[in-house]
Amino acid sequence: MATNAQRAELIQCVANLEEHTALKLVQQRLAHGDDPLEIVEECQAGMQQVGQRYERGEYYLAGLIMAGEIFREVTDIVYPLLEHRITQQATGKILLGTVQGDIHDMGKNILAMLLRCYGFTVIDLGVDVPAAEFVKQTQTHAPDVVGISALLTSAHATVHETVTHLRHERDQTGGKFAILIGGGQIDDQVRATTGADYYGKDAMAGVRLCQHIIAKR
Ligand code: B12
């Protein structure tokens, strides 16, 4: 079990874009049997600090790119460990994607990975997905849940457009899928404005909501 100082050190390394030290700490922590999911959460906290420094003009776009690269390397180490941890019976089908105009995908990828760990079948449409593509893929796959990710505030209008198209499709065809949104600045107010059914504050909340939606059927 990591100490608070060890947690803070990893968060600071990611925030300071110290790639080699961050990866070394991750390896050490895993070797000591620390929870891979906690390690991912700490790196996420480091990424938030990177975002704040970018907002304050202390980092430029290169800083965001570097942070993205560190996070990807961490997940490359951690994912295989998580995948072997939880295996349950298939519980439902989830269609996932990041909305058009937004190319952030690491949060969505964590959600996809955790959903698979919990036995869900995930169809990942990737990033920059137009509303019409979400609709088309619901026709092809008949999912139980459509999960929409967006990190940019400027993409909230596209979230709204995507949800509106999906709701229309659901009304027209009697489709049963629920619409779940999450990522960045999305909160329950954005959920209400866009007309989505559910909002998940993080990937684990997303998994719990998918379980809840399917259990209700
Ligand atoms: C890395 C990064 C990038 C990388 C992305 C690489 C990649 N492959 O994703 C790159 C360099 C490409 C990038 C580009 C840009 N970025 Co950027 N980026 C970030 C940064 C630092 C980290 C994001 C991240 O991956 N976090 C880690 C993951 C795990 O966290 P997460 O995405 O939030 O996901 C968690 C939850 O939100 C949730 N979740 C996510 N999706 C979903 C979906 C569902 C259904 C559910 C239930 C839950 C859920 O679960 C996840 C795990 O718990 C953030 C800072 C921040 N505070 O987030 C800025 C940030 C998001 N970026 C920002 C900006 C401005 C940009 C650019 C416009 C910069 C520019 N001038 O070009 C471009 C936009 C490009 C585009 N069109 O999308 C701003 C957005 C501000 C705003 N409010 O709109 C931020 C907040 C930085 C800041 N503070 O200014 N970025």
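Any read-out appearing in this document is the output of simple, stated calculations on the displayed coordinates, not a laboratory observation. Note that the structure is predicted; figures quoted are calculated from it, not measured. Please note: Cβ atoms are built from the backbone with ideal geometry, for glycine as well, and neighbour counts cover all protein chains shown.
The table below gives the values:
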item: Helix-only mean residue ellipticity at 222 nm for the chain, each DSSP H run of n ≥ 4 adding -39500 (n - 2.57), per residue, nearest 500; result: -19500 deg cm²/dmol
item: Positive-pole candidate from THR164, HIS32, LEU151, dipole of the chain, charges at beta carbon; result: THR164
item: Length added when fully stretched, GLN12-LYS24, from 0.36 nm per residue minus Cα-Cα; result: 3.0 nm
item: Burial order of peptide ranges 43-54, 167-178 (average beta-carbon count within 10 Å, highest first); result: 43-54, 167-178
item: Nearest-20 debye value, the stretch 78-180 charge dipole, Cβ charges on Lys, Arg, Asp, Glu; result: 320
item: Relative packing of 122-130, 26-34, which averages over residues the other C-beta atoms within 10 Å, highest first; result: 122-130, 26-34
item: For the stretch 114-173, projected area of the alpha-carbon convex hull averaged over all directions, nm²; result: 4.4
item: Positive dipole terminus of the chain, leading residue within GLY51, THR173, ILE77 (C-beta point charges); result: THR173
item: The stretch 93-215: C-alpha gyration tensor shape, a/c 1.5 cut-off, then a/b vs b/c; result: rounded
item: Packing rank of 5-11, 57-63, where each peptide gets the mean count of other beta carbons within 10 Å, highest leading; result: 5-11, 57-63
item: Surface/4 of the Cα convex hull for the chain, nm²; result: 12.2
item: Estimated vicinal HN-Hα couplings, Hz - the stretch 12-29 in sequence order (Karplus 6.51, -1.76, 1.60; Gly, Pro = x); result: 5, 4, 5, 4, 8, 6, 8, 3, 5, 5, 4, 5, 5, 4, 4, 4, 4, 5
item: Spatially near lysine pairs across the chain, Cα under 22 Å, sequence gap of 8 or more or different chains; result: 10
